Amino acid sequence: MIANYGYKDGSGDYFIAIDTDRCDGCGACVPMCPSSVFMVMDEDPNDPMREEPVAVVADDQRKKIKYACAQCKPGGDRPPLPCVAACPVDAITHSW
Amino acid sequence: MAEEYWRWTESRWTNPDIDWKKGDIITGGVDVGSVSSQAVVFVDGELYCYGNTRTGSNSPDSAHKAMGLAMEDTGMSLTDLQYTVGTGYGRVNVPFGTRAITEIACHARGANFMYGPTVKTVLDMGGQDCKAIHCDPRGKVTNFLMNDKCAAGTGRGMEVFADLLQVPITQIGELSLQVEKEPPPVSSTCVVFAKSEASSLLREGWPKEKVIAAYCSAMAHRVVTLLERIGVEEDFAITGGIAKNVGVVGRIEKELGITALKPKIDTQIAGAVGAALFGDALVKKERKKG
Ligand code: SF4
Ligand code: SF4
């Protein structure tokens, strides 16, 4: 499943997508993120019949994701995002 | 007392073809939303009864009220439910709930039951948020997007609007179609801005139906842009309270160039239906484990 967390507002689309078919809940993304955007759940909240751990975007971050990620996204040349770089299976993508 | 234009009628239904006392697996689903709460009971995988109510001041009471309405005159009581799943915004506060499952999962599963396995895209227009979901033929979510921020395109926004224009909420959709020429959409669907924009259009002398049309059209456009992020694959179904508003649904269909499947039962109960079906599946799973 592709789980898109975030929102769209007048200034653009701000979504972090997690591919839950790739993510195995290893947790590598969690400590790398300076804004504590990710959390690993024991099972996928959107797929209750599957009992595998998976990463989600924390509830309290979803409404402010544009601001939470601003520190990793300077204008001009963008360094690799720590979360994306940390994920061994390329499960994380950002829409902006 | 002033008339409450936003108020929609609460409803309930019992399936006359089912004798629940002969049932093997009986499960409940409760969807406590910010605006409305629904409860359903499934008997061996079939819909037995439902109740659809306005959410009260707290989630536990709303859950009881909805299930009480669903079970009215059925002779059933809470103890007859073997497994109950809570969903919606108040899902963890369903006092008789066995467990909670997200709305995303429940709406996909519920739409799959209500509209059939050909449904690939579900748009849920609920009280407080809007979700676009892709699912497989078994109702399992394959892609989803939830707009976590804004009440635009939601039931609550429509209620505020009905009150402002003093038009009963059930008539908004029809009325919005009574314009000769489609007016430009209001520029914002944000509840607060749309309200002041609509007020000023009324002051300028726009007839009500034209203001309503402009608002429905803005709401439709707003959710279409959201849907476009994940794409729309047919069959397409709309769940939630706004699915009953022909003014919004018609405009969404027009903008997408796609017709939504026509609902056979109350579109507001999709989440609760999915919840009860997960209950059914979880009972079976436990039995298998022994
Ligand atoms: S971009 Fe930075 S702040 Fe945003 S999720 Fe990734 S690591 Fe966290
Ligand atoms: S690093 Fe990648 S695989 Fe590991 S939990 Fe995070 S998203 Fe999932």
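How about region B:189-290: which helices (runs of 4 or more DSSP H) wholly inside it have at least 1 residues that are within 14 Å of chain A (Cβ to nearest Cβ) and surrounded by 18 or more Cβ atoms within 10 Å (Cβ to Cβ)?
The helices (runs of 4 or more DSSP H) meeting that bar are B:191-203, B:208-230, B:270-289.
Tally the residues that are on the phi < 0 side of the Ramachandran plot and touching a residue at least 40 places away in the same chain (Cβ under 8 Å), restricting the search to region B:67-77.
5
Which members of region B:10-20 meet the condition of being without any contact (Cβ under 8 Å) to a residue 40 or more places away in the chain and open to solvent by 70 Å² or more (accessible area, probe 1.4 Å)?
Once the filter is applied, which keeps residues that are without any contact (Cβ under 8 Å) to a residue 40 or more places away in the chain and open to solvent by 70 Å² or more (accessible area, probe 1.4 Å), region B:10-20 yields B:Pro16, B:Asp17, B:Asp19.
Can you find, within region A:23-34, the residue that is farthest from ligand 2 (Cβ to nearest atom) among those that are under 13 Å from the mean Cα position of the chain (by Cα) and in a loop (DSSP other than H, G, I, E, B)?
Here the residue is A:Pro34.
Please name all residue pairs, on different chains or six or more residues apart, with Cβ atoms under 8 Å, provided the first residue is in region A:22-34 and is within 14 Å of another protein chain (Cβ to nearest Cβ) and open to solvent by 90 Å² or more (accessible area, probe 1.4 Å) and the second residue is more than 6 Å from ligand 2 (Cβ to nearest atom) and among the charged types (D, E, K, R).
A:Arg22/A:Asp90
Could you tell me whether region B:158-165 includes any residue that is surrounded by 22 or more Cβ atoms within 10 Å (Cβ to Cβ), in contact with a Lys or Arg (Cβ under 9 Å, 6 or more places away or on another chain) and at pLDDT 80 or above?
Within region B:158-165 (the criterion being surrounded by 22 or more Cβ atoms within 10 Å (Cβ to Cβ), in contact with a Lys or Arg (Cβ under 9 Å, 6 or more places away or on another chain) and at pLDDT 80 or above), the answer is yes, since at least one residue qualifies.
Give me a count of the residues in region A:65-94 that are among the small types (Gly, Ala, Ser) and either open to solvent by less than 40 Å² (accessible area, probe 1.4 Å) or under 25 Å from B:Ala132 (Cβ atoms) (or both).
Residues flagged as among the small types (Gly, Ala, Ser) and either open to solvent by less than 40 Å² (accessible area, probe 1.4 Å) or under 25 Å from B:Ala132 (Cβ atoms) (or both) within region A:65-94 amount to 3.
Does any residue of region A:47-61 turn out to be over 25 Å from B:Thr102 (Cα atoms), touching a helix residue (DSSP H, G or I) at 6+ places or on another chain (Cβ under 8 Å), among the hydrophobic types (A, V, I, L, M, F, W, C) and part of a loop (DSSP other than H, G, I, E, B)?
no
Considering only residues of region A:35-64 that are more than 15 Å from ligand 2 (Cβ to nearest atom) and touching a residue at least 24 places away in the same chain (Cβ under 8 Å), which is least open to solvent (accessible area, probe 1.4 Å)?
That would be A:Arg62.
Each row is one residue, and each column tells you yes or no for (1) more than 10 Å from ligand 1 (Cβ to nearest atom); (2) not acidic (Asp, Glu).
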{"position": "A:Asn4", "(1), (2)": "yes, yes"}
{"position": "A:Tyr7", "(1), (2)": "yes, yes"}
{"position": "A:Cys33", "(1), (2)": "no, yes"}
{"position": "A:Asp44", "(1), (2)": "yes, no"}
{"position": "A:Pro48", "(1), (2)": "yes, yes"}
{"position": "A:Cys69", "(1), (2)": "no, yes"}
{"position": "A:Thr93", "(1), (2)": "yes, yes"}
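Checking B:Glu159 against (1) in contact with a strand residue (DSSP E or B) (Cβ under 8 Å, 6 or more places away or on another chain); (2) more than 11 Å from chain A (Cβ to nearest Cβ); (3) acidic (Asp, Glu), only one condition comes out false. Which one?
(1)
Among B:Val92, B:Val119, B:Val141, which is the only one that is modelled with pLDDT under 95 and not small (Gly, Ala, Ser)?
Matching residue, one of B:Val92, B:Val119, B:Val141: B:Val92.
The values are calculated or read from the model by the stated rules, or taken from the named source; none is laboratory data. Quick caveat, the model's predicted, so the values are computed rather than measured. So basically every Cβ, Gly included, is an ideal-geometry build from the backbone, and we count neighbours across all protein chains shown. Just so you know, the surface numbers come from the protein's heavy atoms only, side chains and all, with ligands and any DNA or RNA stripped out. Shrake-Rupley method; radii C 1.70, N 1.55, O 1.52, S 1.80 Å.
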